[in-house]
Amino acid sequence: MPTDHVTRRGMLQGGAALAAAPAILSQAQAAAPRTGKGAPMIPVELTVNGREVHVPVDPRTSLLDMLREHLHLTGTKKGCDHGQCGACTVIVEGRRINSCLTLAVMHDGERVTTIEGLGTPDRLHPMQKAFIVHDGYQCGYCTPGQICSAVAVLEEIEAGIPSHVTADLDDVAVNEAELRERMSGNICRCAAYPNIIAAMRDVAGEKQA
Ligand code: FES
Ligand code: FES
């Protein structure tokens, strides 16, 4: 008889092992450190939009949840919560990141800029103005992340940081291909992409194609 033959006894043993799995899991969960009441909270100090904040957080709290739930900065949106849509993009130490994919405690002592810190209704950031002028949104849900990303992208290009589509490493320029490539992590379900690119080119001082 071949050794990999599936016997009735083997199947029953496998089934019994699966049936025991929840019990094993619950034992492991019981042994894990608990959160909630009495859980150790970790103090985090950050500079958010120019303001120093001290927040005690559960160490598993994402930066996104800390911004939204602890600091009530709800301009930063939660889309997928899995690093796939870019709605949660913020600028940390000058670099854009998906705030849903990183823990708040990993950014102790760092500077964070959210959409609320880029401009105010009275004093809009040039990128915010350009999004309005070029109709760079429809429902607006992705827009804070798009704007944070767009601001950081122009700074990346200005600093000469190449992307996957940069043809000449000595000449990193603002063009359609560069902008589309660099903004590809920011999804817009309303498909405002052409208008977002137009807004970025406007801010970069380029003539529209
Ligand atoms: Fe963070 Fe979608 S919510 S990438
Ligand atoms: Fe609606 Fe982008 S404006 S998802």
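The values are calculated or read from the model by the stated rules, or taken from the named source; none is laboratory data. If you're wondering where the values come from, they're calculated on a predicted model, not measured in any experiment. Here Cβ is always computed from backbone atoms with ideal geometry, including for glycine, and neighbour counts include all displayed protein chains. Keep in mind that these areas ignore ligands, DNA and RNA; they rest on the heavy atoms of the full protein, side chains included. Shrake-Rupley method; radii C 1.70, N 1.55, O 1.52, S 1.80 Å.
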* To do: Check off (1) among the charged types (D, E, K, R); (2) free of Cβ contacts under 8 Å to residues at least 60 places away in the same chain; (3) closer than 21 Å to SER149 by Cβ for ASP58 and give me the number that stays unchecked.
  => (3)
* **Condition met for TYR141 (open to solvent by 20 Å² or more (accessible area, probe 1.4 Å) and within 16 Å of ligand 1 (Cβ to nearest atom))** => yes
* Determine whether VAL174 is closer than 25 Å to ARG68 by Cβ and either open to solvent by less than 60 Å² (accessible area, probe 1.4 Å) or modelled with pLDDT under 95 (or both). => no
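Let's see how each residue does on (1) within 16 Å of ligand 2 (Cβ to nearest atom); (2) at pLDDT 95 or above; (3) touching a Leu at 6+ places or on another chain (Cβ under 7 Å); (4) closer than 21 Å to ASP58 by Cα:
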| site | (1), (2), (3), (4) |
| --- | --- |
| GLU93 | no, yes, no, no |
| GLU116 | no, yes, yes, no |
| PRO121 | no, no, no, no |
| THR143 | yes, yes, no, no |
* **Index of the failed condition, SER149 passing every other in (1) within 22 Å of ARG68 (Cα to Cα); (2) open to solvent by less than 30 Å² (accessible area, probe 1.4 Å); (3) away from ligand 2 (no atom under 16 Å from the Cβ)** => (3)
* State the number of residues belonging to region 180-209 that are in contact with a helix residue (DSSP H, G or I) (Cβ under 9 Å, 6 or more places away or on another chain), under 27 Å from ASP81 (Cβ atoms) and away from ligand 2 (no atom under 16 Å from the Cβ). => 1
* To do: Scan region 101-118 and report the pairs whose first residue is within 16 Å of ligand 1 (Cβ to nearest atom) and whose second residue is in a helix (DSSP H, G or I) and among the polar types (S, T, N, Q), with Cβ atoms within less than 9 Å and a gap of 6+ or a chain change.
  => VAL112/SER99; THR114/SER99; ILE115/GLN128; ILE115/THR143
